[in-house]
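The values are calculated or read from the model by the stated rules, or taken from the named source; none is laboratory data. Quick caveat: nothing in here was measured; it's all calculated off a predicted structure. Here Cβ is always computed from backbone atoms with ideal geometry, including for glycine, and neighbour counts include all displayed protein chains. Accessible surface is based on the protein model in full, side chains and every heavy atom, while ligands, DNA and RNA are left aside. Shrake-Rupley method; radii C 1.70, N 1.55, O 1.52, S 1.80 Å.
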Amino acid sequence: MADKKFYLTTPIFYPNAKLHMGHAYTTTLSDIVVRYHRLLGEKTYFLTGSDENTQKVVQAAAAAGEEPKVFLDKIVENFKTLFSSLDISYDQFIRTSDEQAHWPGAIALWNKLQESGDLYKKEYEGLYCVGHEAFITEKDLVDGKCPDHGTVPQYIKEENYFFRLSRYTEDIRKKIIADELVVAPATRKREILSLLDEGLQDVSFSRPRTATSVGIPVPNDDSQVMYVWCDALSNYITALGYGRDDALYQEFWPVNVHVIGKDILRFHAAIWPAMLMSAGIALPKTILVHGFITSGGKKMSKTLGNVIDPEELLAEYGTDAVRYYLARYISPFEDGDITREHCKAAYNADLANGLGNLAARIMQLAQTHLSEPVAVEWKPFPKEFTDAMEKFEVNRAVEYVWQRIQALDQKITAEAPFKVVKEDAQKGKAIITELVTELAAIDLMLEPLVPQTSKKIIEAIMANKKPENLFPRKD
Ligand code: MSP
């Protein structure tokens, strides 16, 4: 098991604004999956980062009246602070503006596509949506505007390099059907297959340098810079040193899991595999596609006043409570909802009265009646837990752990060790030892989900001491 490797990536985030709850979800889900694999003893590598060579960012910096670099550095710092507040255990944060870390690999990959004859220059006319950082078609528009961003797209007529995506439709289809490239869940697999059934059109892979002030220069053509998605997708290999110093690349590619949201499925399950095929690089093993987070059933928006800011939520409830909520109440496969009311109710019921209370009850008994700490052994995870985690059904894994918590609570009530210990000390102590042993088994499953709490509980067990109040009730 020790030499098994596990490489997981999040999307790289646009640093045009602070991260929101949806971004916090993608990253927390990713972190839970990685921590689980790390606990299994696998060699893990966890990549996240920022997607910086984009017009969106330039526009946002201008609106803030700042130099792009100053603006970017600030936002990226803010991303990292949020990730640290969420206890995201990433190994690397890649920035696509990084000319040392990212650009050589992006250029090397471009050259491979060129060598395969998959890039050609063509005059192009179309509508560009900066919000999407993509060309969109007339039929996508509602009242002349992009329905997702509410903005009028730019009409563009220019020369671009095109990537022969059409050439790879059939090969990608076969790989996805055969699960050589797993697209999970099945609904997303069907979605991408139906898109592939329609056939893929070649895509623009560069923009004239005059059209955008940022971008990686196209090799041997000063007039063009790489299109942001071509540049961004390559981060998954450039971060490992592809085209530069490829020790990590050799060790960790192909990636085990790309975690993405449903809006960027086409880029990851069609364009990216085609680029890799063209360059003769192995395909990702799994693309895990989650849904969108809403609040009160609606997209969060300032106008509706239903925005829940991850920083505020963290300040109010703490790292583990936010992770817990996201893990348990947002399905990794469908759209999910979060409201302040539900957060509070879940916190009080599941964490304060549930886990917190259970750990306190058991450790109070242990501290009072046992003369030394219970020796805990590492036991393999139960099948219910591993099954759910292997399928990325993190919410189901959490439900299972909370069933065990409930069962343990019931065991205390049913066996009443606090009474037994007075009549038959030996018997009472034996029950308490069983309770502590079960608490330790539960605690190991808590590590990927609520790492700080898991650590506090195991430390309490090892010191044979009641832990501090883990989750004070909120009124
Ligand atoms: N920069 C691109 C990704 C490039 S990856 C090579 C991008 N960035 S993003 O910042 O707009 O989005 C990052 C991730 O957040 C995406 O996976 C997206 O699906 C996810 N989400 C954005 N809004 C979301 C919700 N409301 N809910 C859940 N996830 C959401 O796309």
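If the requirement is being within 15 Å of the ligand (Cβ to nearest atom), open to solvent by less than 40 Å² (accessible area, probe 1.4 Å), small (Gly, Ala, Ser) and within 19 Å of residue 239 (Cβ to Cβ), which of these qualifies: 22, 49?
Numbers: 22 fails: within 19 Å of residue 239 (Cβ to Cβ).
Sole residue among the options that is within 15 Å of the ligand (Cβ to nearest atom), open to solvent by less than 40 Å² (accessible area, probe 1.4 Å), small (Gly, Ala, Ser) and within 19 Å of residue 239 (Cβ to Cβ): 49.
Does residue 322 satisfy the criteria of being of a type in the set (Val, Ile, Thr), touching a residue at least 12 places away in the same chain (Cβ under 8 Å) and under 29 Å from residue 426 (Cβ atoms)?
Details: of a type in the set (Val, Ile, Thr): yes; touching a residue at least 12 places away in the same chain (Cβ under 8 Å): yes; under 29 Å from residue 426 (Cβ atoms): no.
Considered against the rule, which asks whether it is of a type in the set (Val, Ile, Thr), touching a residue at least 12 places away in the same chain (Cβ under 8 Å) and under 29 Å from residue 426 (Cβ atoms), residue 322 comes out as no.
Select, from 416, 463, the only residue that is open to solvent by less than 80 Å² (accessible area, probe 1.4 Å), farther than 30 Å from residue 334 by Cβ, without any contact (Cβ under 8 Å) to a residue 40 or more places away in the chain and more than 33 Å from the chain's Cα centre (by Cα). Steps first, please.
Values: 463 fails: without any contact (Cβ under 8 Å) to a residue 40 or more places away in the chain.
Exactly one of 416, 463 is open to solvent by less than 80 Å² (accessible area, probe 1.4 Å), farther than 30 Å from residue 334 by Cβ, without any contact (Cβ under 8 Å) to a residue 40 or more places away in the chain and more than 33 Å from the chain's Cα centre (by Cα), namely 416.
Wholly within the stretch 369-475, which helices (runs of 4 or more DSSP H) include no fewer than the required count, namely at least 1 residues that are more than 22 Å from residue 318 (Cα to Cα), of a type in the set (Phe, Trp, Tyr) and modelled with pLDDT of 95 or more? Walk me through it before giving the result.
Values: elements: 383-390, 394-415, 417-423, 425-446, 451-463.
Output list reads 383-390, 394-415, 417-423.
Hey, residue 83 hits all of (1) open to solvent by less than 40 Å² (accessible area, probe 1.4 Å); (2) in contact with a Gly (Cβ under 7 Å, 6 or more places away or on another chain) but one; which does it fall short on?
Going through (1) open to solvent by less than 40 Å² (accessible area, probe 1.4 Å); (2) in contact with a Gly (Cβ under 7 Å, 6 or more places away or on another chain) one by one, residue 83 breaks only (2).
Go through the stretch 243-252 and report how many residues are free of Cβ contacts under 8 Å to residues at least 60 places away in the same chain and either among the aromatic types (Phe, Trp, Tyr) or within 16 Å of the ligand (Cβ to nearest atom) (or both).
From the stretch 243-252, those free of Cβ contacts under 8 Å to residues at least 60 places away in the same chain are 245-247, 249-250; that's our starting set.
Going one step further and asking which of them are either among the aromatic types (Phe, Trp, Tyr) or within 16 Å of the ligand (Cβ to nearest atom) (or both), we end up with 249.
Qualifying residue count, the stretch 243-252: 1.
Which is closer than 29 Å to residue 181 by Cα, open to solvent by less than 10 Å² (accessible area, probe 1.4 Å) and not in a strand (DSSP E or B), of 359, 274, 282?
On the way: 359 fails: closer than 29 Å to residue 181 by Cα; 282 fails: open to solvent by less than 10 Å² (accessible area, probe 1.4 Å).
The unique qualifying residue is 274.
Residue 54 fails exactly one of the following numbered conditions: (1) modelled with pLDDT of 95 or more; (2) open to solvent by less than 20 Å² (accessible area, probe 1.4 Å). What is the number of that condition?
Only one criterion in (1) modelled with pLDDT of 95 or more; (2) open to solvent by less than 20 Å² (accessible area, probe 1.4 Å) is unmet by residue 54, namely (1).
So which residues in the stretch 37-63 are part of a helix (DSSP H, G or I) and closer than 15 Å to residue 6 by Cα? Steps first, please.
At the first step, the residues of the stretch 37-63 found to be part of a helix (DSSP H, G or I) are 37-39, 55-63.
Matches in the stretch 37-63: 37, 38, 39.
Which ones in the stretch 115-135 are open to solvent by 20 Å² or more (accessible area, probe 1.4 Å), part of a strand (DSSP E or B) and free of Cβ contacts under 8 Å to residues at least 40 places away in the same chain?
123, 125, 127
So if I check each of 255, 259, which one is more than 10 Å from the ligand (Cβ to nearest atom), crowded, with 17+ Cβ neighbours inside 10 Å and among the β-branched types (Val, Ile, Thr)? It would help to see each step written out before you state the result.
Values: 259 fails: more than 10 Å from the ligand (Cβ to nearest atom).
After applying the criteria, what remains is 255.
Only one of (1) in contact with a Pro (Cβ under 9 Å, 6 or more places away or on another chain); (2) surrounded by 16 or more Cβ atoms within 10 Å (Cβ to Cβ) fails for residue 163. Which number is that?
(1)
Within the stretch 285-304, restricting attention to residues that are surrounded by 22 or more Cβ atoms within 10 Å (Cβ to Cβ) and under 21 Å from residue 131 (Cα atoms), which residue is nearest to the ligand (Cβ to nearest atom)?
293
Could you list, in sequence order, all residues of the stretch 222-242 that are modelled with pLDDT under 95 and away from the ligand (no atom under 13 Å from the Cβ)?
222, 223
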